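The values are calculated or read from the model by the stated rules, or taken from the named source; none is laboratory data. Nothing here was measured: the structure is a model prediction, and the numbers come from that model. Glycine also receives a Cβ, built like all others from the backbone with ideal geometry; neighbour counts cover every protein chain displayed.
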Amino acid sequence: MKANEIMAALEAKHPGEDLFLQAAREVLETVEEEYNKHPEFEKAKIVERMVEPDRIFTFRVTWVDDKGEIQTNLGYRVQFNSAIGPYKGGLRFHKAVNLSMLKFLGFEQTFKNALTTLPMGGGKGGSDFDPVGKSNEEIMRFCQAFMLELWRNIGPDTDVPAGDVGVGGREIGFLYGMYKKLAREYNTGVLTGKGETWGGSILRPEATGFGALYFVNHVLETAGQKLAGKTVALSGFGNVAWGAAIKATELGAKVVAISGPDGVCHIKDGITKEMIDYMLVMRASNRNKVQDMADKFPAAATFTAGKKAWSIKCDIALPCAFQNELNEADAKELVANGTMCCCEVSNMGCTAEAIHYFQHAGILFAPGKAVNAGGVATSGLEMTQNAAHLAWSGEEVDAKLKWIMSSIHEQCVRYGKKADGTIDYVKGANVAGFMKVATAMLEQGTI
Ligand code: 2IT
């Protein structure tokens, strides 16, 4: 295959799907060389099949707001690839959600899930519903209306949604309640990220951030560096940034920045436990303002409006919020300020130009589908516990998460090691995930 030719055909077929095309280009360009060593893939047209989702559901979601007014949103579920297991991936509620965004996320999820070592295919869904400024009751009514449409298309062995941006434990609770009412079955394995008393896994809320820091630790150690004593800038203050802040602090690093759509909080002496706990309050408020942290802790945090986390001097930059949140100008600013490592914790957190800039500057860089895979991996562990009707201890889940992150790192090293001994984590993650899915598709015939 020629990545450029396939990309040209995809661009012609799906004009304007910029996010999906960006994700597809990165994967195709980095797997091209390995793919072409396998004529059986070419013959089975694996790559041409893999860039199209198995199917997509789109639906209207109508609900009533607190003023009694009728609101209509769009809902989606992209069932991208089921070669290695049932569709698995989160739901994103955000005003910018569209089909291109969910196709990019479902495509990424397919390879990420393959890296976890667990049998999960790739899927993603969500809505352009904007949770900012909504009451709890409005969120509940929206989740119920969303599930009223989605429930027939999901199931523990079919498609298992979870959280993503704008969807956390509260939303999964409302979604599960409605699912159960409609299906008339206590099918715990149909969603992950559930509450601990009704089938949720201990550590699932922390898992994306914890797994990311375990991975960062491997990246640093492989390069002869240490996490302890390093300064870390995080973007966002949601579930992912929260878990990352806890584990980074626990491992001896100092989190000096968190950010939001309104600006950045500089936390000169490092984030404290009280501040980390307050991130949960900020998320539950639906205000989406990081300034709230500086208002609550004025002596420790300084807020600057309109600035990103990347304006704060740090050793390690961890995008934890949204795709393309770190661009080439940000990468230049970070490198100029002495940053030595950037690991994406958000999905596709860096633009292609930013990644190239980091790589050419010799900065340690690892992509989201490897770094953040601990989240979905722990969702996979939740599915296992649900299927066995039991609950593991926190120690057990954490030990499995650590093992999985170390295995993902090994897979990246296996496929990404360069002649000079350094690791191309982008290539390593893409090739490792791709080979597993491609092999499964080949073995299952032309479907
Ligand atoms: O991007 C992701 O991997 C997630 N939002 C988590 C998906 C999941 O099924 O736990």
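Report, by residue number, each residue of region 89-105 that is out of contact with any helix residue (DSSP H, G or I) (no Cβ under 6 Å at 6 or more places or on another chain) and of a type outside the set (G, A, S). Result: L91, R92, F93, H94, K95, V97, N98, L99, L102, L105.
Restricting attention to region 84-105, the residues that are near the ligand (Cβ under 10 Å from one of its atoms) and of a type outside the set (F, W, Y) add up to 6. Taking region 232-267 as the range and being part of a helix (DSSP H, G or I), under 18 Å from the mean Cα position of the chain (by Cα) and of a type in the set (S, T, N, Q) as the test, only N239 passes. Among the conditions (1) closer than 18 Å to L191 by Cα; (2) more than 14 Å from the ligand (Cβ to nearest atom), G362 misses just one, which is (1).
Going through region 368-389 one residue at a time, which ones are away from the ligand (no atom under 11 Å from the Cβ) and within 27 Å of C343 (Cα to Cα)? Correct list: A370 only. Among the residues of region 426-440, is there at least one that is more than 16 Å from the ligand (Cβ to nearest atom) and on the phi > 0 side of the Ramachandran plot? Checking region 426-440: not a single residue is more than 16 Å from the ligand (Cβ to nearest atom) and on the phi > 0 side of the Ramachandran plot. Only one of the listed residues (I6, I84, I56) is in contact (Cβ under 8 Å) with a residue 60 or more places away in the chain and among the β-branched types (V, I, T). That residue is I84. Looking across region 268-299, the residues that are part of a loop (DSSP other than H, G, I, E, B) and in contact with a Gly (Cβ under 9 Å, 6 or more places away or on another chain) come down to N286, R287, N288, K289, V290. The residues of region 120-172 that are surrounded by fewer than 24 Cβ atoms within 10 Å (Cβ to Cβ), within 16 Å of the ligand (Cβ to nearest atom), in a loop (DSSP other than H, G, I, E, B) and not small (G, A, S), listed by number, are P131, P156, D157, T158.
Any chance region 307-330 includes a residue that's within 16 Å of the ligand (Cβ to nearest atom), of a type in the set (V, I, T) and buried (at least 24 other Cβ atoms within 10 Å of the Cβ)? No, every residue in region 307-330 fails to be within 16 Å of the ligand (Cβ to nearest atom), of a type in the set (V, I, T) and buried (at least 24 other Cβ atoms within 10 Å of the Cβ). Set side by side, the residues A317, A321 differ, and just one is among the small types (G, A, S), under 29 Å from A23 (Cα atoms) and assigned to a strand (DSSP E or B), which is A317. Of all residues in region 390-400, exactly one satisfies the criterion of being in contact (Cβ under 8 Å) with a residue 40 or more places away in the chain, assigned to a helix (DSSP H, G or I) and surrounded by fewer than 18 Cβ atoms within 10 Å (Cβ to Cβ), namely G394. Taking every residue in region 373-389 that is more than 15 Å from D159 (Cα to Cα) and pairing it with any residue that is at pLDDT below 95 and in a helix (DSSP H, G or I), at least 6 positions away or on another chain, yields no pair with a Cβ-Cβ distance below 9 Å.
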